[in-house]
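Data block below; observations after.
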Amino acid sequence: MKKNLTKLRVRYGETDQMGVVYYGNYAQYLEQGRTEWLRELGFSYKWMEANNIHLPVVNLNIDYKQPALYDDLITITTTLRKIPTIKIEFDYQIHNESGELLVNASTTLVFINSITKKITKAPEYLLNKLAE
């Protein structure tokens, strides 16, 4: 399935006193990977929201292997698990510059019509782009 690589530098404010990334910050790294995955496809969250689609996370799983440290350059690999329906599922791996696996993770998001506030099917523009 469609894959994207996003590189980020760990900032000081994302770490604890030991220079280790605070565990809650990994969710933000995954979000960055996801938004860049969409952007590479030709869409942004902002554009989708302007077109009445919201994508709340309904499930998040993270398996921590090793910590990311202050000033590490990390790579977030974001992979679409399968063609979306009313939900879209991603798998992630985060590696450091040495190629060591730091995190395995997955998220599930649902498509919400921002006008009706109800679950909706994946938009046709997204499905068409994935079919290319």
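Taken together, the values in this text are just the output of simple stated rules run on the coordinates, not laboratory data. Here the structure is a predicted model, which is why all the values come from computation and not from measurement. Here the Cβ is made from the backbone with ideal geometry for all residues, glycine too, and neighbour counts use every protein chain on show.
With only Lys, Arg, Asp and Glu charged, each at its Cβ (+1 for the first two, -1 for the last two), find how big the charge dipole of the stretch 79-132 is about the Cα centre; round to the nearest 20 debye.
For the stretch 79-132, the charge dipole is close to 480 debye.
When averaged across all projection directions, what area in nm² does the alpha-carbon convex hull of the stretch 27-105 cover?
The number I arrive at for the stretch 27-105 is 5.9 nm².
Placing unit charges on C-beta atoms (Lys and Arg positive, Asp and Glu negative, everything else neutral), compute the dipole magnitude of the chain about its Cα centre in debye, rounded to 20.
620
Could you rank the peptides 105-118, 32-45 by their average count of other C-beta atoms within 10 Å per residue, with the highest value first?
With the highest mean Cβ count within 10 Å placed first, the list reads 32-45, 105-118.
Where does the Debye-calculated log10 I(q)/I(0) of the stretch 63-132 sit at q = 0.16, 0.20, 0.28 Å⁻¹, using only Cα point scatterers of equal weight, no solvent?
Values, matching the q order: -0.69, -0.83, -1.18.
Going by alpha carbons, how many degrees (0 to 90, nearest 10) lie between the helix axis of 26-41 and the longest principal axis of the chain?
Value to nearest ten degrees: 50.
Could you run the Debye sum over the Cα atoms of the chain, one equal point scatterer each and no solvent, and tell me log10 of I(q)/I(0) at q = 0.10, 0.14 Å⁻¹, two decimals?
-0.34, -0.64
Can you tell me which of 92-100, 9-17 comes out highest on packing, and rank the rest after it, using the mean Cβ neighbours within 10 Å?
92-100, 9-17
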